[in-house]
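> Below you'll find the structure I mean.
Each reported figure results from applying straightforward, stated rules to the coordinates on display, with no laboratory input. Just so it is clear, the model here is predicted, and its values are computed rather than measured. Every residue, glycine as well, gets a Cβ built from its backbone with ideal geometry; the counts of neighbours run over all protein chains shown.
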Amino acid sequence: MMRKAVAVRREEIVRAALAQIRSRGISGVRAADVAHALDVSTALIFYHFGTLETLVIEAFRQAAEHELAKLNDELGKAGPADKRLRAVLALYGPSHHDNWQLWIEAGAAAMRDAALRAVLQRLDLRWRDAVVALIAEGVGAGTFRCPDPHGAAWRLTALLDGLAVQVVARQGTVTTGDCDRWVEQAMAYELGCRPGDQEGR
């Protein structure tokens, strides 16, 4: 029972830390604010995680695992490669504003934090590897015409990375509708998809 209680408390602290990161940014997060949100002592935060940096990394690790679970659910669905690729790219894209705000924050902080960088790199590579595999599957099925699935996957996801920054961090410059249209155009260029393939998505 004690072990379960500890796990529950740690989960509560992680969720509170993520909420603080969303509202204040990584640099604005304080252990005292996380504790206040839960009505517990700051000492309890440090008892469970040792340092604020460890808590922040664990918060992003759990957020990354949540994203990967959604990716795995999407990859487990049946259907042609083009439909599944569009679904994965839509899931990756900037329509999930809360998550992209987290990833933008984390990406900036990871430049100075090797442990956080490792968490984000694992998340990033898992998404890109999934896109590579779907493109290769589509090429094998004759759905796509692409001599370089790896390069195409990285270019498509890098396009979404940049568009997400515009949508989330520079609101009003690019819309999610713009993103959908431009990604569809990029898929047509990279994979030989007909423009009409997006209908009924």
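> Search the structure for amide H atoms under 5 Å from the amide H of Phe144, placed 1.01 Å from N in the peptide plane, and list their residues when 5 or more places away or on another chain.
The list, which skips near neighbours in sequence, is Val139.
> Would you work out which of Leu44, Ala7, Val29 lies farthest towards the positive end of the dipole of region 1-50, given +1 charges on the beta-carbon of Lys and Arg and -1 on that of Asp and Glu, about the Cα centre?
Ala7
> Quick check: pseudo-label points 7 Å beyond the Cα along Cα→Cβ at Asp178 and Ala108, how many nm apart are they?
Those two pseudo-labels are separated by 2.0 nm.
> Tally Lys and Arg at +1 and Asp and Glu at -1 over the other residues with C-beta under 12 Å from the C-beta of Glu53: what net charge comes out?
Numbers: positive: Arg112; negative: Glu58, Asp113.
Net of charged neighbours comes to -1.
> Please report the net charge: other residues with Cβ closer than 12 Å to the Cβ of Leu68, K and R +1, D and E -1.
Working: positive: Arg61, Lys70, Arg122, Arg126; negative: Glu65, Glu67, Asp73, Glu74, Asp124, Asp129.
Value of the local net charge: -2.
> How much length is gained on full extension from Arg24 to Ala169, taking 0.36 nm per residue of separation minus their Cα-Cα distance?
Taking Arg24 through Ala169 to full extension adds about 50.8 nm, to one decimal.
> To the nearest 10 degrees, how steeply does helix 81-92 sit against the main Cα axis of the chain, on a 0 to 90 scale?
Once rounded, one gets 30 degrees.
> Give me the mean projected area, in nm² to one decimal, of the convex hull enclosing the Cα positions of the chain. It would help to have the intermediate numbers written out before the result.
Values: hull surface 52.7 nm².
So the Cα hull casts an average projection of 13.2 nm².
> Let me ask something else. Using +1 on the beta carbon of Lys and Arg, -1 on that of Asp and Glu, and nothing else charged, what's the dipole of the chain about the Cα centre, debye to 20?
Working: 25 positive and 25 negative charges, 62 e Å.
About 300 debye.
> Quote to one decimal, in nm, the extra length available between Arg9 and Leu75 on full extension: 0.36 nm per residue of separation minus the C-alpha distance between them. Mind dumping the intermediate values first?
Values: separation 66, 0.36 × 66 = 23.76 nm, distance 3.21 nm.
Net length gain for the segment: 20.6 nm.
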